[in-house]
C-alpha cells in the first residue's frame with residue numbers, strides 16, 4: 001500500500017517538475033534554456049525521480065530527444081538563412097547566415113527542445129498504467145482518462161507502426177531507408193493511411209475498453225486507492241512555488257521595462 | 001434446459017444503409033451450450049454479436065430495428081440499448097485490440113477488468129487464477145501481453161473478459177489467423193469452460209466449430225439459413241458449398257461412406273468429430 005502511495009506521490013512530483021520546466025521554457029532566454037536542456041539530460045540519468053522506467057523507455061527517450069535536437073538545428077539553420085537580420089555570422093558555399101535569424105531559431109528551437117525533453121522525461125519515467133491510475137486518483141473522469149490514454153498509446157506505438165509500414169514497403173522494393181529524402185517522400189504518401197488506421201484502431205480500442213467496463217465511474221484504481229491521496233508533497237509544493245516565482249519575476253521585469 | 005439466448009425475428013439496418021445487416025433472425029441457444037455462428041464475409045456474424053453485447057444499441061441510436069431478443073429471460077425490444085457487460089462479454093476479432101496496451105503484465109491486464117467491476121483482493125486474485133487455469137495461461141501471467149504469440153494473446157484476450165464471469169461469452173472469429181495447433185489449444189480451453197457459461201462464437205471456417213460446437217447457425221446476407229445440432233449440421237454440409245469451406249469435409253465423409261475402413265487411418269483428433 002505504501003509503495004503505491006509513494007508511486008502516486010512520485011508521479012505528482014514529476015508533473016510539478018515538468019510544469020516548472022514548461023514555465024522556464026517560455027520565460028527564459030535561449031542561453032538559459034540551453035542550460036535547462038543540459039540539466040534535464042543530467043537529471044534524467046542521475047535522479048531517481050526522473051530516470052526512465054525501463055531500458056526500452058530510455059531508448060525511446062533518447063530517440064525522441066535526438067529527433068527534436070535535429071529539428072532545433074534545422075530551425076536555427078533555416079532561420080539564419082532566411083531571416084536577414086543583424087550581422088553575417090558565417091558564409092557557407094557563398095550563402096550568408098545571419099545572427100538575428102540564428103538567435104530567433106535558437107530561441108524557438110530550444111524552447112521546443114526543452115518542452116519535448118520534459119515531456120519525454122515524464123512519459124519515459126512513468127508507465128502509462130501508473131499514469132492512468134494517478135489521473136483517476138486525482139479525480140479525472142474515466143472518459144477523460146480513456147481519451148488521454150488512447151492518445152498516449154497512439155504516440156507510443158507510432159514509431160513501431162511507421163517502422164512496420166517502412167518494412168512492408170522495403171519488401172516491395174521501395175528504397176525507403178536509403179536517405180532522408182526517400183524517407184520523407186514515402187512518409188508523406190503513407191501519412192493519411194497511417195492516420196486513418198490509427199483513428200479506426202482508437203475507436204475499436206475505445207469499444208474494447210467499454211466492453212470491459214472501463215466507463216464505469218465507480219471503477220477502482222489498482223488495489224483500491226481512489227481518493228486516498230489528494231494532498232501535495234513537499235517536493236511538488238517546492239516545484240510549484242518555484243514555477244510561480246519564475247512567472248512573478250518575469251511579470252515584474254516586463255512591467256518595469 | 002432453459003434458453004440463454006433467444007432471438008425473435010430480429011432485424012437491424014445500419015443508419016444510411018439500404019440493406020438489412022440482420023434480416024428477421026430467429027434462433028434459440030440453450031444454456032451451457034457452445035454455439036457456432038457460421039457464414040461467409042458480410043453474412044452479419046459480427047453484427048449479430050454486437051447486437052447481443054449491446055454495442056449496436058449503444059452506438060447506433062438511430063438505426064432501424066425490429067423484433068427483439070432475450071438474454072437469460074431478460075427481454076429487449078429491438079437490441080439492448082447499453083453494453084451488457086459483465087453478464088454478456090464480447091471478445092473482439094483482433095485480440096491485440098482487446099489488450100489495453102498500458103498494463104505491463106498479463107496479470108495486471110486481467111486485473112484491469114476486475115478494477116472496472118470494483119472487485120478487489122482476494123476475490124480478484126482468485127478470479128485471475130481460475131481464468132488463467134481454464135485457458136492454460138497460468139505460465140504467462142507475469143509476461144508482457146504485447147510479447148506473446150498470436151495463439152497465446154488470443155487466450156489472454158478471452159481471459160480479460162472471462163475474469164468477469166459472464167453468463168454469455170461471445171467470441172468474434174476466435175480462430176482467425178491461428179495455426180492448427182493454436183486452434184486445437186483454444187478449442188481445448190473453451191471446452192473446459194462449457195459448464196460455466198453459454199458460448200457463442202463466429203467463424204468463416206470449420207476447424208474450430210467442428211471441434212467445439214454443439215449448436216450451429218449458418219448466416220448469409222443477414223438471414224439464417226440453418227440452425228441445428230452437430231449431427232444435423234454435418235448431414236447438411238452439402239447445402240453450404242460456396243458459403244463455407246466444406247469441400248474437404250464432404251470429401252472425407254464421402255470416402256467414409258464408400259469405404260468405412262479408412263476411418264482408422266484418419267488422425268484421432270479429427271476422427272472424433274466425424275459423423
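The values are calculated or read from the model by the stated rules, or taken from the named source; none is laboratory data. For clarity, every value in this text was computed on a predicted model and none was experimentally measured. Here the Cβ positions follow ideal geometry from the backbone for every residue, glycine too, while neighbour counts run over all protein chains shown.
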Original post:
Restricting to helices (runs of 4 or more DSSP H) lying wholly in segment A:111-212: which have 2 or more residues that are more than 14 Å from chain B (Cβ to nearest Cβ) and surrounded by fewer than 16 Cβ atoms within 10 Å (Cβ to Cβ)?
Top reply: A:142-171, A:180-210
Subject >> Flag for residue B:27 being surrounded by 19 or more Cβ atoms within 10 Å (Cβ to Cβ) and under 19 Å from the mean Cα position of the chain (by Cα) >> reply: yes
Original post:
Is segment B:187-200 home to any residue that is closer than 16 Å to residue B:38 by Cα and either assigned to a loop (DSSP other than H, G, I, E, B) or touching a residue at least 60 places away in the same chain (Cβ under 8 Å) (or both)?
Top reply: yes
Original post:
Pairs under 6 Å by beta carbon, first residue free of Cβ contacts under 8 Å to residues at least 60 places away in the same chain in segment B:15-39, partner outside any strand (DSSP E or B), six or more apart or different chains?
Top reply: B:15/B:60; B:15/B:62; B:15/B:63
Subject >> Positions within segment B:207-238 being modelled with pLDDT under 85 and outside any helix (DSSP H, G or I), in sequence order >> reply: B:236
**OP:** Determine if segment A:190-202 includes at least one residue that is within 24 Å of residue B:111 (Cα to Cα) and at pLDDT 75 or above.
**Re:** yes
**OP:** Filter segment B:95-135 down to residues that are within 7 Å of chain A (Cβ to nearest Cβ) and closer than 27 Å to residue B:203 by Cβ and give me whichever is farthest from the chain's Cα centre (by Cα).
**Re:** B:101
Original post:
Just one of the numbered conditions (1) surrounded by fewer than 21 Cβ atoms within 10 Å (Cβ to Cβ); (2) not in a loop (DSSP other than H, G, I, E, B) is not true of residue B:177; which one?
Top reply: (2)
Original post:
Under the condition of being away from every other protein chain (no Cβ under 12 Å) and over 20 Å from residue B:188 (Cβ atoms), which residue from segment B:136-157 is surrounded by the fewest Cβ atoms within 10 Å (Cβ to Cβ)?
Top reply: B:142
